[in-house]
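The block underneath contains the structure these notes are about, expressed in structure tokens.
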Amino acid sequence: MAPSFDHLREEDLDEEDFDVDDVDISDLREKYEVQLEQGYDTFVVIDGLPQVDEQQKPKLIKFLLRKLNTVGRTSEDAIFMPMGDDGMSLRFAFVEFSSPAEAAAAVRQLDQVPLDKKHTMRVNKLTDIDRYGREGRVEEEYTPPKIEEFQEKEHLRWFLADPSGRGRDQFVMFRGDTVGVFWNNEKDQPENIVDRQQWTETFVQWSPLGTYLTSVHAQGVLLWGGASWSRLRRFAHPFVNLVAFSPNEKYLVTWSNRPIAIPDSGHPALSIDDDGKNYVIWDIETQKPLRSFAQLDTPAGEEQGPKKPPKFPWPAFKWSADDKYVARLNQGTSISVYELPRMNLLDKTTVKIEGVMDFDWAPATPKRDGVKTYEQLFCFWTPEIGSNPARVGLMSIPSKEIVRSSNLFSVSDAKLHWQSDASYLCVKVDRHSKSKKSQATTLEIFRIREKGVPVEVVDTIKDTVINFAWEPKGDRFVIITTTEPVGATAVPPKTAVSFFCPEKAKGNAVGNFKHLRTLEKKNSNAIYWSPKGRFVVVATVANQQSSDLDFFDLDFEGEKPESEKDLKANLQLMNTSEHYGMTDVEWDPSGRYVATWASAWKHSMENGYHLYDFKGEQLREEHIEKFKQWAWRPRPPSLLTKEEQKQIRKNLREYSRVFEQEDAERITSADVAVVEHRRRVLDEWYAWRDAMEKELAEERAALGLPADPVGELLRAKAAEIAPDGQEQVIEEIMEEVLEETEEIVN
């Protein structure tokens, strides 16, 4: 408290000896002055409360306490609710918490929490309100805000309207210190849209719907977009290492291996409550942090430096398909599910699952048979604990009800694979024998949209599955198996590629999954489905001995083997190729092209990219020194209904004629342009030659030289040969081959 001089009497002060204006009390003011940012940072102001009288006031305070104590510690004595002259409350209250962190948690978690149907709490820090007032941001008299003139902004999805009318896709390339965005021109040189030096310090990343291009810097993350590629968003997370978006681009997760350190001067976005945290979840639209989290414990005796990779799977936070929930695994104990945008723990408690090893959200909002209420699903698995078997569970959120579970035995490991439409869930279960010397794999397939969520077991696999991939928006899958031990080896293991599809069934029902075909003696280790389904690339990546690419069509329009008549597939190998040193493969969002590249981040041999069409025909090949990254720009979901898309597919031949004609005209126009260019160059050459001949003739005339020295020389020679002036005939025989053929006679 500031010192008080009220006990001094005026007559005790001698004006000659004591002049108040001349006294320097700066040292006392500095010692006793209250620093609002430090002294009142445990206080919050709650606004939006219902108006009550003195008799109703205690009930309202007790009601508030139940909510306030969920984020910190406070009491009735620490709540001050001012009353007006009419005996009614002024609809706000001051609350003191036991620590600044609790006050910050109250602002973060209780702001905009509804009290009832008519009242919603607004919670702010007392220091913020005072600071805004002292800085002149809040005036004593209300003045209506000035409405600025409307300025049209750039359309963030302008890239969907290709100016060429050909529906081209964009991609970004990071090579050397330069990042560039290009239009894909198939066989021709890609058309550059923008090229910038030092655009990022580590890597670039598209947002899931292609709206933003992300660049990563020591100061934080920047989002770029629009036709001018201007900076749209900024998220100040120092020394950020990794970035992850929510599926609908509403939220952003940033992670840094270095804990956040808030300086004494403050931070433009983060607060003291974020100090020491590693993760920050941001609202992309407002650019404000919603909540920060500390890193999970690292293994004992290990330290993580800024350049070391994380000791956990990324992303650490996983999102529901509609961005309403985000969850984090506490391995071995529980799963924490948070509601957006408040980032409060669902039902104020974690989902306790003993021994839980992994979980994953359904990639689409499920539509289970007979379930009409809103829900999001996630699956999880637990290992064998004591005499209890391993278990795979399917949980519904927000009810936290387990809608299906399956017990498993002799489990070494399990991996969860959702189909893109959330119609199926495949649990790849690696099982060991009783002696634990051998291992095999079974596939447990949950049929999500069928009544009761039945589980089908595919146990015809005798080897270990090292890769699995569902067909997007389909019901077929591909696996890669090996009989050799799994792990890092000097020589890549021999593998087999197997294709599975359902049997044909009546109506819209899907039959049981059956083995279609297996290709033996391969080195393949990666599976890449077209985003539109049907076509798949099976490749060997990050392998110095082999870099194969196999392009398959599962709906080949040709004769079908008799043994596969009852299966919903007709497999055909369309093409094979090779890209030495290949490290990555990616389909474009339309499913028309495949890009492969050799990244300088992984090796320095023959860096660059290859471009193929969906049939495996190579369109382009370019070697680029210090080539690091290629990424196709994603597209948002189509606005056409399923019926409209079905109608387009039905009339695809009519559309294809138009496209083929446009392609032919484009090729013809390109040929005409080449011919015209050559004719123009030839005309320029003739014009230059004529000008040079005229200039040469003028110079010869000025010097008194003959206009035709070659002719003069020939005439002089002729005179030497025939001095008497008689003509001499000289014959010259020239041979020219008009046609030549070669035949081989046995």
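The values are calculated or read from the model by the stated rules, or taken from the named source; none is laboratory data. Computed from a predicted model, the values in this text were never measured in an experiment. Positions of Cβ are backbone-derived with ideal geometry, glycine not excepted, and every protein chain shown enters the neighbour counts.
Taking the conditions exactly as written (of a type in the set (Gly, Ala, Ser) and exposed (fewer than 14 other Cβ atoms within 10 Å of the Cβ)), does residue 180 satisfy them or not? In short, no. Residue 362 passes every criterion in (1) at pLDDT 95 or above; (2) over 25 Å from residue 390 (Cα atoms) apart from (2). Counting the residues of region 362-388 that are loosely packed, with under 15 Cβ neighbours inside 10 Å and more than 31 Å from the chain's Cα centre (by Cα) gives 8.
Pairing residues of region 555-573 that are within 20 Å of residue 511 (Cα to Cα) and of a type in the set (Gly, Ala, Ser) with residues that are modelled with pLDDT of 90 or more and outside any strand (DSSP E or B), at Cβ distances under 9 Å and at least 6 apart in sequence or on separate chains, gives 569/476; 569/554; 569/556.
Determine, yes or no, whether residue 335 is at pLDDT 90 or above, under 24 Å from the mean Cα position of the chain (by Cα) and not in a loop (DSSP other than H, G, I, E, B). Yes, satisfied. Under 6 Å between Cβ atoms, which residue pairs at least 6 apart in sequence (or on different chains) link something in region 524-542 that is within 17 Å of residue 614 (Cα to Cα) with a partner that is buried (at least 21 other Cβ atoms within 10 Å of the Cβ) and among the polar types (S, T, N, Q)? Every condition considered, the pairs that remain are 538/524.
Take the residues in region 74-133 that are among the polar types (S, T, N, Q) and modelled with pLDDT under 85; name whichever of them is farthest from residue 292 (Cα to Cα).
Step one: list which residues in region 74-133 are among the polar types (S, T, N, Q), which gives 74-75, 89, 98-99, 109, 112, 120, 124, 127.
Now drop any that are not modelled with pLDDT under 85, which leaves 109, 112, 127.
Details: 109: 12, 112: 19, 127: 21 Å.
Among residues in region 74-133 that are among the polar types (S, T, N, Q) and modelled with pLDDT under 85, the one farthest from residue 292 (Cα to Cα) is 127.
Taking the listed residues 621, 654, 684, the one that is within 22 Å of residue 545 (Cβ to Cβ), of a type in the set (Asp, Glu) and over 23 Å from the mean Cα position of the chain (by Cα) is 621, with no other qualifying. The residues of region 134-159 that are surrounded by fewer than 12 Cβ atoms within 10 Å (Cβ to Cβ) and at pLDDT 85 or above, listed by number, are 144, 146, 147, 148, 149, 150, 151, 152, 153.
The residue pairs whose first member lies in region 683-709 and is without any contact (Cβ under 8 Å) to a residue 60 or more places away in the chain, whose second member is exposed (fewer than 10 other Cβ atoms within 10 Å of the Cβ), and whose beta carbons are closer than 7 Å, counting only pairs six or more residues apart or on different chains, do not exist in this structure.
Cβ-Cβ distances below 9 Å connect no pair with a first residue in region 447-468 that is within 30 Å of residue 539 (Cβ to Cβ) and free of Cβ contacts under 8 Å to residues at least 24 places away in the same chain, a second residue that is among the acidic types (Asp, Glu) and exposed (fewer than 14 other Cβ atoms within 10 Å of the Cβ), and a separation of six or more residues or different chains.
For every residue, the table says whether it meets (1) crowded, with 20+ Cβ neighbours inside 10 Å; (2) within 13 Å of the chain's Cα centre (by Cα); (3) part of a strand (DSSP E or B).
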{"site": "192", "(1), (2), (3)": "no, no, yes"}
{"site": "211", "(1), (2), (3)": "yes, yes, no"}
{"site": "218", "(1), (2), (3)": "no, no, no"}
{"site": "227", "(1), (2), (3)": "no, no, no"}
{"site": "261", "(1), (2), (3)": "no, no, no"}
{"site": "265", "(1), (2), (3)": "no, no, no"}
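Here residue 508 fulfils each of the conditions (1) out of contact with any strand residue (DSSP E or B) (no Cβ under 9 Å at 6 or more places or on another chain); (2) touching a residue at least 12 places away in the same chain (Cβ under 8 Å) apart from (2). When residue 246 is tested against (1) over 26 Å from residue 128 (Cβ atoms); (2) in contact with a strand residue (DSSP E or B) (Cβ under 8 Å, 6 or more places away or on another chain); (3) modelled with pLDDT under 95, exactly one condition is not met: (3). Considering only residues in region 490-530 that are in a loop (DSSP other than H, G, I, E, B), under 31 Å from the mean Cα position of the chain (by Cα) and at pLDDT below 95, the one that is farthest from residue 457 (Cα to Cα) turns out to be 492. Of the set (1) touching a strand residue (DSSP E or B) at 6+ places or on another chain (Cβ under 8 Å); (2) within 28 Å of residue 159 (Cβ to Cβ), all apply to residue 572 but (2). A single entry from 253, 240 fulfils the requirement of being of a type in the set (A, V, I, L, M, F, W, C) and assigned to a loop (DSSP other than H, G, I, E, B): 240.
Just to confirm my filter: which helices (runs of 4 or more DSSP H) fall fully inside region 32-123 and include at least 3 residues that are touching a strand residue (DSSP E or B) at 6+ places or on another chain (Cβ under 8 Å), touching a residue at least 12 places away in the same chain (Cβ under 8 Å) and farther than 24 Å from residue 274 by Cβ? If you could, list the steps in order and put the result at the bottom.
On the way: elements: 36-39, 57-68, 100-110.
Helices (runs of 4 or more DSSP H) meeting the threshold: 57-68.
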